[in-house]
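Notes to accompany the following structure.
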Amino acid sequence: MTAPKKLFIKTYGCQMNVYDSERMAEALGGQGYVETSSPDDADMILLNTCHIREKAAEKVYSELGRFKGLKADKPDLKIGVAGCVAQAEGEEIMRRQPLVDLVVGPQSYHRLPELEAKARKGEKALDTEFPEEDKFEKLKARPKAKRGPTAFLTVQEAATSSAPSAWCPIPVAPRCRARPSAS
Ligand code: SF4
């Protein structure tokens, strides 16, 4: 039996990102990943970023730079950037920090398994599109056993450049999609 791959996710920002990190861990669970609390034994590190702070992107680049030693010791380690800095910076992240294998925007988390497979083949994997398909429909229903007594439910994502949301006052890249009422 092959040992599970380890996934380390570091989450910044609002409850939207906390929820998204849970969903990303679930999506990558299907690729044989289990979560770890330490980046040192991870096979994949994902930074789920927030753009709200001043110089947020610079702080992400600085954090990514700290993984240089880990990647040198473990060339198979994959490093990904998700969340609002990923959405805002896109391909620029890979250009500025070649350590990064994968960049995924908040509307594309359901595509993480394909992106991870691409990264495993040694290709750069980027998706910051606003796909036609709805990620809420594509992400699998949450297994009941994994839900605690409380859980986050996204009703609507709304942090847009034209109409910043109540919880996110910055003009971040659009992140607006309503969850279908039946899900
Ligand atoms: S929606 Fe706003 S507060 Fe939430 S992670 Fe993105 S930038 Fe940060």
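How big is the Kirkwood radius of region 55-130, worked out from every pair of different alpha carbons and given in Å to one decimal?
12.4 Å
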Please compute P(r) over all alpha-carbon pairs of region 5-131, binned at 5 Å starting from zero, and give each bin as a whole-number percent.
2, 12, 24, 27, 22, 10, 2, 0
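So which of 55/118; 10/68; 74/138 end up more than 21 Å apart, counting from Cα to Cα?
Violating the 21 Å limit, Cα to Cα: 55/118; 74/138.
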Simple spin-label model, 7 Å along Cα-to-Cβ: residue 10 to residue 92 in nm?
2.1 nm
The answer for residue 34, listing residues at least 5 apart or on another chain whose modeled amide H is closer than 5 Å to its amide H, is 5, 6, 7
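Any read-out appearing in this document is the output of simple, stated calculations on the displayed coordinates, not a laboratory observation. As the structure is a prediction and not an experimental result, all values here were calculated from the model. In this analysis, Cβ positions are derived from the backbone assuming ideal geometry, glycine residues included, and neighbour counts consider all displayed protein chains.
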